1. Output the residues belonging to region 48-62 that are touching a Gly at 6+ places or on another chain (Cβ under 6 Å), part of a strand (DSSP E or B) and surrounded by 20 or more Cβ atoms within 10 Å (Cβ to Cβ).
2. Could you run through region 71-86 and say how many residues are closer than 15 Å to Glu100 by Cβ and without any contact (Cβ under 8 Å) to a residue 40 or more places away in the chain?
3. Could you count how many residues in region 9-36 are closer than 17 Å to Lys60 by Cα and open to solvent by less than 50 Å² (accessible area, probe 1.4 Å)?
4. Say whether the condition of being at pLDDT 95 or above, surrounded by fewer than 10 Cβ atoms within 10 Å (Cβ to Cβ) and of a type outside the set (Gly, Ala, Ser) is met by at least one residue in region 63-74.
5. Checking the condition at pLDDT below 95, in a strand (DSSP E or B) and small (Gly, Ala, Ser), which residue from Gly31, Gly23 passes?
6. Return the pairs, sorted by first residue and then second, in which the second residue is of a type in the set (A, V, I, L, M) and surrounded by fewer than 20 Cβ atoms within 10 Å (Cβ to Cβ), the first residue lies in region 39-59 and is touching a residue at least 24 places away in the same chain (Cβ under 8 Å) and under 12 Å from Val70 (Cα atoms), the beta carbons are less than 6 Å apart, and the residues are 6+ apart or on different chains.
7. Looking only at region 82-94, which residues are assigned to a strand (DSSP E or B) and open to solvent by less than 10 Å² (accessible area, probe 1.4 Å)?
Amino acid sequence: MGKRQIESSDVELFLGKNVSFEGKMTFDGMGRIEGRFDGEIFSSGVLIVGETAVVHAEIKAGTMIVDGEVKGKVSASVKLEIHSAGRLYGNIETPALVVEEGGIFDGTCSMKKEAEATVKRVTLLKEKGPGVLPG
């Protein structure tokens, strides 16, 4: 995601800074929160927590970008970014974590790539003699 400019047409969910919501939110694509949210958030897409946002939730998302305040359990299956104004308090699971200078993360982090979670069996080749490969 990085710092690319996000067009308003990219955002499928928007919670404005003067909005407060409590409950369970599910969406695909990209969502942005600028207000207050308490509850659960589930998305396979991108969740952006804006600078004015205060989020207390259990969150499961593909990619998550934090510029505001988040408290709770967070699972980002692709990547989690905490920008310089961002604050995240809680436990996280993600294969890729980026914390910019000035960003705050206070909690525990578990980082496992899906490929590492799968046990692979390795078969060693035994030599049959000098210069002869098993056949």
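1. If the condition is that a residue be touching a Gly at 6+ places or on another chain (Cβ under 6 Å), part of a strand (DSSP E or B) and surrounded by 20 or more Cβ atoms within 10 Å (Cβ to Cβ), then Val49, Ala57 are the ones that fit.
2. Number satisfying all stated conditions: 6.
3. Count: 8.
4. The answer is no, given that none of the residues of region 63-74 is at pLDDT 95 or above, surrounded by fewer than 10 Cβ atoms within 10 Å (Cβ to Cβ) and of a type outside the set (Gly, Ala, Ser).
5. Gly31
6. Between residues of region 39-59 that are touching a residue at least 24 places away in the same chain (Cβ under 8 Å) and under 12 Å from Val70 (Cα atoms) and residues that are of a type in the set (A, V, I, L, M) and surrounded by fewer than 20 Cβ atoms within 10 Å (Cβ to Cβ), the close pairs are Glu51/Ala85.
7. Ile82, Leu88, Ile92
The values are calculated or read from the model by the stated rules, or taken from the named source; none is laboratory data. Quick caveat: nothing in here was measured; it's all calculated off a predicted structure. Cβ sites come from the backbone with ideal geometry, for glycine too, and all protein chains shown count toward neighbours. Heads up: the accessible areas ignore ligands, DNA and RNA and are worked out on the full protein's heavy atoms, side chains in. Shrake-Rupley method; radii C 1.70, N 1.55, O 1.52, S 1.80 Å.
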